[in-house]
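Reading through the structure tokens given below for one structure.
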Amino acid sequence: MAQVEENYTEVSTFIIVGFPGLQLEYFHMVAWFLFILYVTIVMGNLVLVVMFALEHSLQKPMYIIMVSLALSDIGFTTVALPKLIARYWWNDASIGFYTCHFQRHMIHYFGSLNSLIMLTMSVDRYLAVSFPLRYPMLMTAPTMTILTVFSWLVAHIFPGVTSINFIQISFCGSNQIIQAFCDTLSLAALACGEKSYLSMASYATAMFILLVPLIFVISSYFCIIISNDLTVICCSPQGRRKTLSTCATQGCIISIYYIPRFFVYSVPHIPNMKMTPDSQIATTFFYSFFPPLINPFVYCLRTKEIKAILSREFKPQ
């Protein structure tokens with residue numbers, strides 16, 4: 001670290017602390033758990049990507065969204081977990097200054113991307129359920145591809161705004177990041193000088209990317225429920241069960257994704273409300289890695305086409 005003031009040192013590297021209350025004797029066990037989690041998430045989502053590339057029957061709008069979500073989950077997990085695994089496996093907790101900033105940007109990039117993907121997914125489900133006859137014309141594979149590429153590009157804007165703010169500040173004093181990875185909240189806590197503007201700007205950006213898509217998602221589900229076209233489907237118990245199952249499944253995943261995030265980001269701005277470092281990291285860990293773990297099963301393996309492909313491939317000769 002280079003000396004900049006009499007009482008401060010300029011930060012050139014950061015230390016990923018992880019769970020502060022975790023005892024040293026549990027490090028290897030946690031490392032193995034994280035490694036198995038990483039392999040499971042990557043392999044589970046990679047199966048869908050490979051199947052989509054090889055099976056032309058899956059190259060439909062719905063599966064384009066699923067593959068986009070799978071790639072995003074692989075990217076997020078690859079950015080976040082390897083350094084945390086190294087921290088507990090080899091006690092390698094240090095991360096370079098610019099590497100940490102890159103990780104922070106990519107962590108929030110994939111978070112923003114997932115939010116936009118869920119928005120696109122809800123619009124697709126609304127069109128499929130409410131306009132089943134017009135759906136093939138309203139949502140084609142090229143249209144969904146354009147929406148997907150647009151989401152992957154636009155998602156850089158939101159963390160980019162925060163990155164511009166971080167370029168203009170310096171870090172001094174402690175370099176310990178009390179988190180599983182570099183993120184905006186943990187880095188903002190280490191900034192020098194006045195932090196209120198940086199904190200409020202980061203909070204406003206996070207709420208925008210979380211709440212705006214969430215409002216559209218909730219609105220789409222509400223429209224599905226009250227849609228006049230749904231009365232035709234509800235005449236059939238099977239159609240009703242399928243529609244409610246789809247909405248309930250996606251609603252569960254969306255709740256896991258949005259509610260804990262909103263709580264963690266809002267706690268610092270709510271008077272007399274605090275979270276311990278371990279509980280904050282555990283909550284962040286839950287909403288960050290549980291959805292990528294179960295997404296392949298929730299969105300993909302329940303569909304008839306993928307079930308048919310898997311049963312064909314693994315059917316005994």
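The values are calculated or read from the model by the stated rules, or taken from the named source; none is laboratory data. From a predicted model like this one, the values you see are computed outputs, not experimental measurements. Methodologically, a virtual Cβ is constructed for each residue, glycine included, from the backbone with ideal geometry; neighbour enumeration extends over all protein chains shown. Note: accessible area is taken over every heavy atom of the protein model, side chains too, but ligands, DNA and RNA are not part of it. Shrake-Rupley method; radii C 1.70, N 1.55, O 1.52, S 1.80 Å.
What to note about this one:
- Counting only Cα atoms, the range 80-223 measures 62, 36, 24 Å along its principal axes, largest extent leading.
- Ratio Rg/Rh, restricted to the range 15-314 and using Cα atoms, in which Rh is the Kirkwood radius: 1.00
- Probing with 1.4 Å while keeping every protein chain in the model, the per residue accessible area of the range 20-175 equals 47 Å².
- Share of carbon and sulfur in the accessible area of the range 15-314 stands at 72%, probe radius 1.4 Å.
- Inter-centroid distance (Cα atoms) of the range 89-166 relative to the range 179-203, Å: 22 Å
- From phi via Karplus (6.51, -1.76, 1.60), per-residue ³J(HN,Hα) for the range 152-169 in Hz, x at Gly/Pro: 5, 7, 5, 4, 6, 5, 5, x, x, 4, 5, 4, 4, 5, 5, 4, 8, 10
- Magnitude of the charge dipole for the range 15-314, about its Cα centre and with charges confined to Cβ atoms of Lys, Arg (+1) and Asp, Glu (-1), is about 640 debye.
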